[in-house]
1. Which one, Ile52, Ile104, Ile71, has the greatest fluctuation when you compute a Gaussian network model over the chain with C-alpha springs under 10 angstrom?
2. Does anyone have the angle between helix 83-99 and the longest principal axis of the chain? Alpha-carbon axes, 0 to 90°, nearest 10?
3. Leaving ligands, DNA and RNA out of it, work out the accessible area of Ile56 with a 1.4 Å probe and give it in Å² to the nearest 10.
4. Taking only protein heavy atoms and a 1.4 Å probe, what accessible area per residue, in Å², does the range 32-92 have with all protein chains in place?
5. Any idea what the relative contact order of the chain is, in percent, if you count C-alpha pairs under 8 Å spaced at least 6 apart?
6. Note the full-extension length gain between Ile17 and Arg73 as 0.36 nm times their separation in residues minus their Cα-Cα distance, in nm to one decimal.
7. Let me check the size of the range 1-87 from its C-alpha atoms; what are the radius of gyration and Dmax in Å?
8. Enter the angle in degrees (range 0 to 90, nearest 10) between the Cα long axis of helix 45-55 and the first principal axis of the Cα atoms of the chain, meaning the one along which they spread out most.
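The values are calculated or read from the model by the stated rules, or taken from the named source; none is laboratory data. Note that the structure is predicted; figures quoted are calculated from it, not measured. Areas reflect the complete protein model, heavy atoms only, side chains present, ligands, DNA and RNA absent. Shrake-Rupley method; radii C 1.70, N 1.55, O 1.52, S 1.80 Å.
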Amino acid sequence: MRSQLLINLEQFHGIVIFSTNLVQNYDKAFESRILGSIKFDLPDDDCRRALIRQKIPQKVPFDMPLDEDSIGRLSTLAEGFSGREIKNAVLKVLCRVASQGKRIFSVVDFEEGFY
(Lines give C-alpha, C1' and ligand atoms only; values in the text may rest on other atoms or scores of the structure.)
Protein backbone atom coordinates (compact mmCIF):
# COMPACT_ATOMS: atom_id res chain seq x y z
CA MET A 1 0.00 0.00 0.00
CA ARG A 2 2.89 2.34 0.76
CA SER A 3 4.34 1.98 -2.74
CA GLN A 4 0.92 2.63 -4.31
CA LEU A 5 0.55 5.77 -2.20
CA LEU A 6 4.00 6.98 -3.31
CA ILE A 7 3.13 6.35 -6.97
CA ASN A 8 -0.13 8.26 -6.63
CA LEU A 9 1.66 11.07 -4.83
CA GLU A 10 4.20 11.37 -7.67
CA GLN A 11 1.42 11.51 -10.28
CA PHE A 12 -0.76 14.01 -8.42
CA HIS A 13 -0.40 17.67 -9.38
CA GLY A 14 -1.65 19.61 -6.41
CA ILE A 15 -1.33 20.05 -2.70
CA VAL A 16 -1.63 17.10 -0.37
CA ILE A 17 -2.01 17.47 3.37
CA PHE A 18 -1.09 14.54 5.60
CA SER A 19 -1.86 14.28 9.27
CA THR A 20 -0.40 11.78 11.70
CA ASN A 21 0.43 11.29 15.33
CA LEU A 22 3.03 8.68 14.30
CA VAL A 23 5.53 10.84 12.43
CA GLN A 24 8.34 8.56 13.64
CA ASN A 25 6.87 5.82 11.41
CA TYR A 26 7.38 7.75 8.17
CA ASP A 27 10.00 6.10 6.01
CA LYS A 28 12.71 8.08 4.17
CA ALA A 29 11.07 7.66 0.75
CA PHE A 30 7.93 9.27 2.10
CA GLU A 31 9.72 12.04 4.01
CA SER A 32 11.64 13.07 0.88
CA ARG A 33 8.35 13.96 -0.82
CA ILE A 34 7.16 16.23 1.98
CA LEU A 35 8.17 19.85 1.50
CA GLY A 36 7.17 21.09 4.92
CA SER A 37 5.60 20.06 8.16
CA ILE A 38 3.90 21.67 11.11
CA LYS A 39 4.05 20.14 14.56
CA PHE A 40 1.10 20.65 16.88
CA ASP A 41 1.86 20.01 20.53
CA LEU A 42 -0.63 18.45 22.90
CA PRO A 43 -2.72 20.95 24.85
CA ASP A 44 -1.09 22.50 27.91
CA ASP A 45 -2.96 22.94 31.21
CA ASP A 46 -4.66 26.20 30.20
CA CYS A 47 -5.78 24.74 26.88
CA ARG A 48 -7.01 21.50 28.53
CA ARG A 49 -9.03 23.56 31.01
CA ALA A 50 -10.58 25.57 28.18
CA LEU A 51 -11.37 22.39 26.23
CA ILE A 52 -12.99 20.77 29.26
CA ARG A 53 -15.12 23.87 29.88
CA GLN A 54 -16.10 23.93 26.22
CA LYS A 55 -16.87 20.21 25.86
CA ILE A 56 -18.98 19.73 29.00
CA PRO A 57 -22.37 21.15 28.00
CA GLN A 58 -23.61 24.06 30.10
CA LYS A 59 -26.94 22.29 30.67
CA VAL A 60 -25.40 19.24 32.36
CA PRO A 61 -27.04 19.03 35.79
CA PHE A 62 -24.32 18.67 38.45
CA ASP A 63 -24.82 17.78 42.08
CA MET A 64 -22.38 20.60 42.91
CA PRO A 65 -21.22 23.46 40.69
CA LEU A 66 -18.29 22.65 38.41
CA ASP A 67 -15.71 24.99 39.95
CA GLU A 68 -12.12 25.81 38.98
CA ASP A 69 -10.68 23.21 41.38
CA SER A 70 -12.75 20.52 39.68
CA ILE A 71 -11.70 21.72 36.23
CA GLY A 72 -8.08 21.67 37.44
CA ARG A 73 -8.37 18.06 38.63
CA LEU A 74 -9.89 17.02 35.31
CA SER A 75 -7.12 18.88 33.46
CA THR A 76 -4.47 17.04 35.46
CA LEU A 77 -6.12 13.70 34.67
CA ALA A 78 -6.21 14.68 30.99
CA GLU A 79 -2.50 15.49 30.82
CA GLY A 80 -1.15 13.91 27.62
CA PHE A 81 -4.60 13.91 26.00
CA SER A 82 -5.24 15.48 22.62
CA GLY A 83 -8.27 17.71 22.15
CA ARG A 84 -10.09 14.80 20.54
CA GLU A 85 -9.32 12.53 23.48
CA ILE A 86 -10.73 15.14 25.89
CA LYS A 87 -13.89 15.42 23.77
CA ASN A 88 -14.23 11.62 23.64
CA ALA A 89 -13.72 11.30 27.42
CA VAL A 90 -16.51 13.82 28.05
CA LEU A 91 -18.83 12.08 25.58
CA LYS A 92 -18.07 8.70 27.13
CA VAL A 93 -19.03 10.02 30.57
CA LEU A 94 -22.21 11.67 29.31
CA CYS A 95 -23.31 8.45 27.59
CA ARG A 96 -22.36 6.19 30.50
CA VAL A 97 -24.12 8.26 33.16
CA ALA A 98 -27.21 8.77 30.98
CA SER A 99 -27.41 5.04 30.18
CA GLN A 100 -27.36 4.32 33.93
CA GLY A 101 -30.50 6.42 34.24
CA LYS A 102 -28.88 8.98 36.51
CA ARG A 103 -30.28 12.48 36.19
CA ILE A 104 -27.53 14.26 38.10
CA PHE A 105 -23.83 14.21 37.22
CA SER A 106 -20.92 14.53 39.61
CA VAL A 107 -17.35 15.60 39.10
CA VAL A 108 -16.37 12.05 40.12
CA ASP A 109 -18.24 10.76 37.05
CA PHE A 110 -15.96 12.88 34.89
CA GLU A 111 -12.83 12.04 36.88
CA GLU A 112 -13.52 8.33 36.29
CA GLY A 113 -14.04 9.01 32.59
CA PHE A 114 -10.65 10.65 32.22
CA TYR A 115 -8.74 7.54 33.37
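1. Ile104
2. 40 degrees
3. We get 10 Å² for Ile56.
4. Working: 4420 Å² over 61 residues.
Heavy-atom SASA per residue in the range 32-92 reads 72 Å².
5. Values: 74 pairs, mean separation 32.2, N = 115.
That works out to 28 percent.
6. Working: separation 56, 0.36 × 56 = 20.16 nm, distance 3.58 nm.
Using 0.36 nm per residue and subtracting the Cα-Cα distance, I get 16.6 nm.
7. Cα radius of gyration and Dmax of the range 1-87 are 19.7, 59 Å respectively.
8. It works out to around 70 degrees.
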